[in-house]
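Below: the structure, in structure tokens.
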Ligand code: CA
């Protein structure tokens, strides 16, 4: 648009038009500006702004079959184009690209109105459609750029299209524990009935002794600010432990929240281990300062998490004792018919990569994904079978790294997948450097959604800033609930409810909206709904169309059919599958395919092993050269394609 203004002005400056003529030039320009782009919109990359050279080959390497005049080869600077949309919304950006420099793949970065998105583009010696993901465009003109960070990627065309809305009805409303209590099934059915249409407000309470033992501090603060009380109360069972355990009343508060106030409870479990585990006897008391929930690399603990899986080990004996104490508390809830959204062994992959062996910041993740998954299953079977606890909705914390799916315990052990959002200090992605971060982080939501093919509900189990209402709606990131961590401001901790972390105006708008469910809006029959009946959802200020019914969906069968190429079991075949296969070959200790993933990845018939040929063939699915019907193919057929 700038060029047009310059052209218009130069005509004016040339004195070739009268004052009347000048105004007609300006009005013609003004009328033109609001014109919106028609989608899908495709631009020849060589026609982007600031492309200084049109390429037709990369030096001696021919890249035939480009469209238009040639292509753009990223060797420096920033190239861009603009699209204009009528209102804020979500759009997909894809490009036809080739990348012949790095066989291991090469990171590429696009920017949308200055906010950067990076993805690793594999080695493509032919033009291949590559999905750069779903981004938000704002009403008016938007600038989409290709940046030269790692560069050396050829771009033939770029396409922007309207993103499809997610299908929230895919999520199951049935608990993975088939013996779940009626109250637990009822709560699960309620969650499912609101998922995709509402978000539920939640708030973590301060732990033992904070705020001068006023455990209602956060709720009172929110009620004063917004006039509403959160529906979900977050707690932690860390104080019930075999080392320095003390009863801080968490269990009683949980029961009261459900029985007296008809609320919902969730809890995490920051279970500690003794640092000097070698000299510890199970049953010993240990001062809390000599205990840790950190990984052994940081704490120096001699507790070996992998040994928990060894039946007669001391680590196992300790973990059994810890589970027993946890079970005692959960039993008290069950005796009172109180179900719980339980999030044990959380953030297992957190901080992965910052320690020499690439493991996470909590001890339960410090021996990698395979040990972690077995630990989760041990906890699941111990609580459900040995202690017969059937009042648990099992919530798993995920990350969105390229290998995060390898940490997922499996559909049969998980009811909800959740993300913990902390993006005020780091990884903001909103172009600001401080203050509340109101983004709905739809890219994280999308990852978690795809993790289970939409089959499990997706929640924001912990967070700093509560996302803005408009952002959640526009970005199609319908988090089942949000739950800011406790406010430790007065107690020397982080003031998560203060104005450095929350935009009080936006938080109030959220709490008072029809979209957000607060304590007063939970149905009276929250714990007596029948899972096999329609669930009626109402909010106190609901519009007529907010009253909806839902039918229960059945969980996915355990034995899935083979989806050729879908190595990460995400439900579709894309570059992530190819990358995961290559990673699993290059670094099998860190990256592992699931049993189903292996079946899916074995697309080239060469005796059952997963090899680079499989990765290569999966690329052809992405580029639509090969389809499901073509598999399995022989090595010879693959060779022909590669030539
Ligand atoms: Ca082109």
Practice prompt. May I ask you to derive the relative contact order of the chain, considering only C-alpha pairs under 8 Å and at least 6 residues apart, and to give it as an integer percent?
Written response: 13
Discussion item. Quick check on the range 408-483: take the gyration tensor over C-alpha atoms, sort the square-rooted eigenvalues as a ≥ b ≥ c, and tell me if it's rounded (a/c under 1.5), prolate or oblate.
Written reply: prolate
Fill in: Tail weight of P(r) past 21 Å, computed on alpha-carbon pairs of the range 192-319, percent
53
Worksheet item: What do the square roots of 5 times the Cα gyration tensor eigenvalues come to for the chain, in whole Å, largest first, as semi-axes of the equivalent ellipsoid?
Response: 46, 33, 23
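Compute the normalised compactness of the range 374-447: alpha-carbon radius of gyration over 2.2 N^0.38 Å, N being the residue count. Intermediate values should be presented prior to the final figure.
Working: Rg = 16.4 Å, N = 74, 2.2 N^0.38 = 11.3 Å.
For the range 374-447, the normalised Cα radius of gyration is 1.45.
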Discussion item. Debye calculation, C-alpha points only, no solvent: report log10 I(q)/I(0) for the range 101-179 at q = 0.15, 0.22 Å⁻¹, in the same order as the q values.
Written reply: -0.68, -1.10
Discussion item. Let me test this: with uniform point scatterers at the alpha carbons of the range 575-642, what is the Debye-based log₁₀ I(q)/I(0) at q = 0.25, 0.26, 0.27 1/Å?
Written reply: -1.14, -1.22, -1.30
Worksheet entry | Semi-axis lengths (Å, descending) of the ellipsoid that matches the C-alpha gyration tensor of the range 295-391 | 27, 15, 11
Worksheet item: Rg/Rh for the range 348-406: what does it come to with C-alpha atoms and Rh from Kirkwood?
Response: 1.05
Worksheet item: Which angle between 0 and 90 degrees, to the nearest 10, do you get for helix 442-451 versus the longest principal axis of the chain when only C-alpha atoms count?
Response: 70
Worksheet item: Helix 612-622 sits at what angle to the longest principal axis of the chain, using alpha carbons and giving 0 to 90 degrees rounded to 10?
Response: 70
Worksheet entry | Cα convex hull volume per residue for the range 376-417 (Å³) | 59
Fill in: Helix 250-259 axis, angle to the chain major axis (alpha carbon atoms, nearest 10°)
80
Item to complete: Sort the following peptides by mean Cβ neighbour count (other Cβ atoms within 10 Å, averaged over residues), highest first: 127-140, 75-88.
Response: 127-140, 75-88
Discussion item. How large are Rg and Dmax for the range 164-266 when calculated on the C-alpha trace, in angstrom?
Written reply: 16.4, 52
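Where does the range 41-162 land on the Kirkwood hydrodynamic radius, alpha-carbon pairs, in angstrom?
Evaluated over the range 41-162, this radius sits at 14.4 Å.
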Item to complete: Would you mind giving the three semi-axes, in whole Å and largest first, of the ellipsoid equivalent to the range 45-91 according to its Cα gyration tensor?
Response: 27, 13, 9
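A short reminder: the numbers here are calculations on the coordinates, not readings from a lab. This one's a predicted model, so the numbers in the text were calculated from it and none came from an experiment. Cβ coordinates were reconstructed from backbone atoms using ideal geometry, including for glycine residues, and neighbour counts include every protein chain displayed.
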